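Student: My structure is below; once you've seen it, I'll send some questions.
The values are calculated or read from the model by the stated rules, or taken from the named source; none is laboratory data. What you are looking at is a predicted structure, and each value in this text was computed from that prediction instead of being measured. With ligands, DNA and RNA removed, areas are computed over all heavy atoms of the protein, side chains included. Shrake-Rupley method; radii C 1.70, N 1.55, O 1.52, S 1.80 Å.
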Amino acid sequence: MKKVAFVAPTFPVLSETFIRTEIDSLKACGHKVCVMTFHKHLSAHKFNYPTYEIGQFFSLKFITKISPRKLYQCIRFVRCQKALPKRSLFFHSIKLASQLAQLNVDHVHAHFAQHTTSHSIAAAKLIGISCSFVGHGHDIYEFPFDVPLKLKSSDFVVAVCNDMKEDLIKLSRDNIKLLHCGVRTSLFKPQSKLKHDKIRLVFVGRLVEPKGVTYLLQSLQGLCAKYPIVLDIVGDGELSTELKQQASTLGIASYVNFLGPKEPSWIQENLPQYDCLVAPFCIAESGLVDTGPLVLKEAMAVGLPVITTKIMGCKEIVTPGTGLMVNQKDVTALAQAIERFVCLPEEKRIQMGLQARRNVEQNFDAIKQARTLSGWIEGTAH
């Protein structure tokens, strides 16, 4: 099987567990894997595959082995792209290509359609291996750099939701694949709940505009005094201080706990003890949007119903009977959905959670997703 190098801007990143899940799952399918990154965190040592900084080592002999044809293909790609300084892109790509060659990599798979993909394509052309990349959110809808060129220059491209696939097909009809980010269902699984006298709601994610937490807080203003609701907010971000002040201004601060960021192990252990995940995602003014939120699938995998919005991949993840969906930025509808959930009999909430788990097992299991990705990688011509 082909050895695969994953390319990421920074590794690991707490909010990008989908990359680690994909690497682990592809490795479990039998591939040798490694990670190439521009910024390597110290915590990378704890994973059971190697992580290298791009430029960490280099072989001068590699330059003498580059064929004129491959060099021409690389330079042609570099000259056609417009978003990055061409000289920097070229020289960093040579460094990456040298490392990939020394590591005997057969396929390079980049996450995010920005500089990681540009360097991966250029490096792959220099050594004549196959290349693919995954589009996520900001890289496709907020800051799309040379996307048509990258689509044309890759062996295949992965869209994480159907809406993205349709948007990319408009730019390139030949090589667009649909693959939702998967969940390791062996790690995220239901547990027996401890008895509580409250309905425990949880939000997990970065505290930034497209997560919609401000609408969640507004929706709770008329509910907290009426129903036994508590909300735990897990995560941190640029809106943290503002949201804490908003909760105080709305008079619901005593019902809302800001827990800060947590490691995946904490999420796996504690998420099953909640009653419902509320994730009111929205499209930011900049165009940034969550395209296939992994947290929805993680919550459903541990048996939680979810309340979310009808945007992008959310509407492909949450099916009837597994949760409730409302229009984005609609505070009234969100409050009504939460009230509807709170008023459900306990057995009905449990039934929704069980159905949510089955949905993830059938459609979003990480190993199943990795087998699909493996098939695409093995099927490339290089």
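Student: Probe radius 1.4 Å, ligands and nucleic acids ignored: give me the carbon and sulfur share of the accessible area of the chain as a rounded percent.
Tutor: The nonpolar share, carbon plus sulfur, comes to 51 percent.
Student: Take the alpha carbon atoms of region 86-156, find their center, do the same for region 43-60, and report the distance between the two centers in whole angstrom.
Tutor: 17
Student: Using a Gaussian network model on the chain with a 10 Å cutoff between Cα atoms, which of ALA28, ALA366, ALA337 fluctuates the most?
Tutor: Of ALA28, ALA366, ALA337, the most mobile in the Gaussian network model is ALA28.
Student: A follow-up question, please. Rank these residues by their accessible area, most exposed first, probe 1.4 Å: LYS2, LYS177. Kindly include the intermediate steps, with their values, before the conclusion.
Tutor: Numbers: LYS2 25, LYS177 65 Å².
From most exposed to least exposed: LYS177, LYS2.
Student: Order the following by accessible area, largest value first: MET1, MET352. Probe radius 1.4 Å; ligands, DNA and RNA are ignored.
Tutor: So, going from the largest accessible area down, we get MET1, MET352.
Student: Excluding ligands, DNA and RNA, what is the solvent-accessible area per residue of the chain at a probe of 1.4 Å, expressed in Å²?
Tutor: Averaged over the residues of the chain, the accessible area is 44 Å².
Student: Quick one: among LYS310, LYS195, LYS244, which has the greatest mean-square fluctuation in a GNM of the chain with alpha-carbon springs under 10 angstrom?
Tutor: For the chain, modelled as a Gaussian network with Cα springs under 10 Å, the answer is LYS195.
Student: What ranking of ASP24, ASP197, ASP139 comes out by heavy-atom accessible area, probe 1.4 Å, highest first?
Tutor: Final ranking, largest accessible area leading: ASP197, ASP24, ASP139.
Student: Also, I was wondering about something else. Output the 0 to 90 degree angle, nearest 10, between the alpha-carbon long axis of helix 240-250 and the longest principal axis computed from the alpha carbons of the chain.
Tutor: 20
Student: Follow-up. Output the 0 to 90 degree angle, nearest 10, between the alpha-carbon long axis of helix 346-363 and the longest principal axis computed from the alpha carbons of the chain.
Tutor: 10
Student: Ignoring ligands and nucleic acids, what accessible area does CYS343 show with a 1.4 Å probe (Å², nearest 10)?
Tutor: 80
Student: List the relative contact order of region 306-382 as a percent without decimals, with contacts defined as Cα pairs under 8 Å and 6+ residues apart.
Tutor: 24
Student: Can you tell me the 0 to 90 degree angle between the C-alpha axis of helix 86-102 and the longest principal axis of the chain, rounded to 10?
Tutor: 90
Student: Something else about it: What is region 277-324 by shape, rounded, prolate or oblate, if you read a ≥ b ≥ c off the alpha carbon gyration tensor as root eigenvalues and call it rounded for a/c under 1.5, prolate for a/b larger than b/c, and oblate otherwise?
Tutor: prolate
Student: Rounded if a/c is under 1.5, else prolate if a/b beats b/c, else oblate: with a ≥ b ≥ c from the C-alpha gyration tensor eigenvalues square-rooted, which is region 186-363?
Tutor: Working: a/c = 1.36, a/b = 1.18, b/c = 1.15.
Since a/c stays below 1.5, the shape of region 186-363 is classed as rounded.
Student: Given the protein chains as shown and a 1.4 Å probe, how many square angstrom of GLU269 are accessible, to the nearest 10?
Tutor: The value for GLU269 is about 120 Å².
Student: Assuming a ≥ b ≥ c are the square roots of the Cα gyration tensor eigenvalues, decide whether region 185-281 counts as rounded (a/c under 1.5), prolate (otherwise, with a/b larger than b/c) or oblate. The partial results should precede the final answer.
Tutor: Details: a/c = 2.19, a/b = 1.28, b/c = 1.71.
Oblate, since a/c reaches 1.5 and b/c is not below a/b.
Student: Which aspartates and glutamates have a Cα lying under 20 Å from the Cα of LYS2, excluding residues fewer than 8 positions away in the same chain?
Tutor: Qualifying aspartates and glutamates at Cα under 20 Å: GLU22, ASP24, ASP106, ASP155, GLU378.
Student: For GLU53, tell me the accessible area in Å² from a 1.4 Å probe, rounded to the nearest 10.
Tutor: 70
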